[in-house]
Every structure is written in structure tokens, then in C-alpha cells.
1. If you scan the stretch 302-321, which residues turn out to be within 11 Å of the ligand (Cβ to nearest atom) and either at pLDDT below 90 or in contact with a helix residue (DSSP H, G or I) (Cβ under 8 Å, 6 or more places away or on another chain) (or both)?
2. Could you please find all residues in the stretch 128-176 being in contact with a Ser or Thr (Cβ under 6 Å, 6 or more places away or on another chain) and in a loop (DSSP other than H, G, I, E, B)?
3. Out of (1) within 18 Å of Trp253 (Cα to Cα); (2) touching a residue at least 60 places away in the same chain (Cβ under 8 Å); (3) surrounded by 15 or more Cβ atoms within 10 Å (Cβ to Cβ), the odd one out for Phe199 is which?
4. Go through (1) within 16 Å of the ligand (Cβ to nearest atom); (2) without any contact (Cβ under 8 Å) to a residue 60 or more places away in the chain; (3) charged (D, E, K, R); (4) more than 17 Å from Val272 (Cβ to Cβ) one by one and return the number of the condition Arg389 breaks.
5. Can you name the residue in the stretch 223-247 that is outside any loop (DSSP other than H, G, I, E, B) and closer than 16 Å to Gly198 by Cα and, of all such residues, is farthest from the ligand (Cβ to nearest atom)?
6. Out of the stretch 375-393, which residues are assigned to a strand (DSSP E or B) and either out of contact with any strand residue (DSSP E or B) (no Cβ under 7 Å at 6 or more places or on another chain) or surrounded by fewer than 22 Cβ atoms within 10 Å (Cβ to Cβ) (or both)?
7. Name the one entry in Gly364, Gly358, Gly349 that is touching a helix residue (DSSP H, G or I) at 6+ places or on another chain (Cβ under 8 Å) and more than 16 Å from the ligand (Cβ to nearest atom).
8. Of the residues Gly117, Gly89, Gly52, which single one is at pLDDT below 95, over 22 Å from Gly331 (Cα atoms) and out of contact with any Cys (no Cβ under 8 Å at 6 or more places or on another chain)?
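The values are calculated or read from the model by the stated rules, or taken from the named source; none is laboratory data. Source: prediction; values computed, not measured. Using ideal geometry, Cβ is built from the backbone for each residue, glycine included, and neighbour counts are taken over all protein chains shown.
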Amino acid sequence: MGHLALGPGRARAAAWQAALLLLLGACATSGALAQNNGAQNNGAQNDGTKTGAAARLVPAFPNLRFSKPVALLQAPGDPTRWYVVEQTGRVMVFDDDPAVGETRVFIDLRKRVNARGFEAGLLGMAFHPDYQANGQVILSYTRGRRNLTSVISRFFADDARQVLDPASERVVLTVDQPFRNHNGGQVTFGPDGFLYIGFGDGGAGGDPRGNGQNTDTLLGAMLRIDVDRGDPYGIPPDNPFAAGGGRPEIYAWGLRNPWRWSFDAATGDLWVGDVGQNRIEEIDIVVKGGNYGWNVREGSEPFRGGRRPGAGLIAPVAEYNHDFGCSVTGGYVYRGAEIPALVGTYVFGDFCSGRFWGLAPDGGGGHTMAPLFEESINLSSFGEAHDGRLFAVDLKGALFQIVAAE
Ligand SMILES: [Ca+2]
């Protein structure tokens, strides 16, 4: 992540869509665009129109601006409000009304968070599934001066669920970061009630310490812990290393920087956007015990002489190279009612290029990747409403909604 690609006009869209189709064709023959089980995707037959005409992006709350927003979510049981995580250290709350003109502070951690650095700061928030009853919220942030530490902490809301109390912090888990980038940082409760945590490989470039393939470190992995049992947490008994062989918190590994990810509201599938090194951005469906290849593979290709697919490494569901962006932002499988053509399609995009794609089931167990639209935003995250509406977050401060194309 790092550079801005601004101002791609709509006139260019046709050109890059055509180029993408060429890429998909090339990928299909080389196996670079493969479905989860390693079988080849029929991307070459993609005509680019299945989802390409379905949706567009519009300003969602045009009167609101935020300070480096990186997450957007609703609280369980409350469809009337939104919460925005600002990387600079606050969480803001506002009414779900396009005309809303006011936000208020849910919690201010600016003095506790180290947000100096492109990938540091307040990075994620997860409401406990029983939030309305217990007031629990998990926050994820980086702290420290010379060296960063990733912190996963529990906080408690007031009785009216209007604010989070900064003094209520109880640290759940910390991980020292050897370098300042690739901090991952999303936290989300899964449909199984366990807390999932995404951590990057520790940073620098090329994963110099081999954290991605090392199951004795929490870096380069998706974790799954039980915050309702144990002190400060418990291990789900069916975690891959619950009985030994690696860190028991690990759910899946071989990830470089799983920045944004989600559970399909209908199926529970865990979709992860894993940010690539210099060449390939990828989307994975992450399963328990899966090894997603980093740093022996970048996407579906060997990285610096690493081994070929098939040696126990799970290939991406989809990928694109850096002709089309520089840093993938994982999204959601659309389950809303307003865009029938998009239902069941996984929507994601690129932070740098502002290009959005859809991955639609191809009927044969794989997915077909097609461009959706392109906008001049720095796509930091997506947000899913309880009713399935999908939103996009621009790190520059604004929120957008994905709506049906006219
Ligand atoms: Ca991978």
C-alpha cells in the first residue's frame, strides 16, 4: 500500500475492462485464476457484463467526513445507527439517514493509539454478538513508540449503549510487530460466536522472518479465540493446533496481510482479501487449517523460487496483478434486496486504483470475476448493513453506497 492512483475517468473504464478480460483469458490457461479446490476457473468465458452493469457507487452520507476511516459497521440488534472506526484513534457513531449531518464520539483512544505510519492506528472493531445485553466491544489497535505492538482489547459500553468507556479496557491479546507495516488488525465475531483476528506477516518486504509459514507465531495468520471462556480467552477445541503442533490460536495461515475480510451472511464462508507483495493481489475463501501459501507463493505463482501449487497450499479464489491496482480490499458477498443481479456475488476492490470487481458463482463450484465499476477513492474497507446494503469506505474521509446501476 502507499501510492495514490487518482482520477481514472469513466472513458478509461472500457479500456481496462477489455484489458482485464485479456488477463482473465491468460490466467485461465495458466491456472492463475483458480477456484478454491485448485480446479480451473472458466474466466476466459467471462464476457464482463454479468455483473458489470449491475451496480454503481454513490455518496452515502454526503454531509459527513471522517478522519482516515477504515471500518464501517452496525451493532447487533440495532439497524438505526452506523459506527465508523477512524485510524487516527476514534470511533464515531451516527444515524442511518442519508441526510444525517452530525456524528458523535463513541470512544476516543487517540492518546492510547500509535497512528503514526500508514498501516498503524485504530484498525478494527467488533461488537460482541450479545452486545445489547453485555455491552462488550473488541477494539484492535497499535501502540508503542519505537516498536509497535498490536493490541486486541475488550471495552464496555455504558448502560444506554451510547458510549464506550476508555477506562474499561481489558487487554485480551498482544502481538509485538517486528516491522511497522502489515499489521492486519481486523476483528470480527464469526457465526460460531468465536472472535476472529487477522494479522499480517510482521512487515518489511518478502516476509524476511518467514512468519507466514511459521505456525509458532501469530503473525501471517487468521486467529480464532473464545472470549467468553478462559482468562483472558479460551481456545476453541477444534482449532487446528488446539492439541499442539503450533500456536493454538491459529485458524489458518500462510497469509501476508489479511487487511479486510468478512463472513458470508448466508453461508458463513470466510472471504479474505490478502494483500500481495509486488505483483499479485488475491481473494481467498479461508477454511480451518488452511495454508494460503505466503511466502512460498504470491497468489498462485511461486514467490522467489517457492514451490508450485499442490504441495498443501490452497490457491486463491481469484487474483489480479498490479496492472489493475496495488492493494486488495476484501469486501462482502452481497445479500441485500436492492440489487437482485448482485445477490450471491462477492464484491471487493483495490485501495489504489478504486476498481471494484464481483466474483459470481459459476454454477460449477468456482467463480467468475468481472469488473463492476471504477471510482477515484482510496478504498480502505466495506461495510454491510443488517439488511444487506453494501457500503464502501474512502480513507480520504467519505462513505459510499453500492446501488443498482441506472
Ligand atoms: Ca496466498
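1. Within the stretch 302-321, Gly306, Pro309, Glu319 meet the criteria.
2. Of everything in the stretch 128-176, just one residue is in contact with a Ser or Thr (Cβ under 6 Å, 6 or more places away or on another chain) and in a loop (DSSP other than H, G, I, E, B), namely Leu148.
3. (2)
4. Unmet condition: (1).
5. Taking the stretch 223-247 first, the residues outside any loop (DSSP other than H, G, I, E, B) are 223-226, 234.
Going one step further and asking which of them are closer than 16 Å to Gly198 by Cα, we end up with 223-226.
Values: Leu223: 17, Arg224: 19, Ile225: 23, Asp226: 27 Å.
Applying the filter and picking the extreme gives Asp226.
6. Residues of the stretch 375-393 assigned to a strand (DSSP E or B): 379-384, 390-393.
Across the stretch 375-393, the qualifying residue is only Phe391.
7. Working: Gly364 fails: touching a helix residue (DSSP H, G or I) at 6+ places or on another chain (Cβ under 8 Å); Gly349 fails: touching a helix residue (DSSP H, G or I) at 6+ places or on another chain (Cβ under 8 Å).
Checking each option against the conditions leaves just Gly358.
8. Values: Gly89 fails: at pLDDT below 95; Gly52 fails: over 22 Å from Gly331 (Cα atoms).
Among Gly117, Gly89, Gly52, only Gly117 is at pLDDT below 95, over 22 Å from Gly331 (Cα atoms) and out of contact with any Cys (no Cβ under 8 Å at 6 or more places or on another chain).
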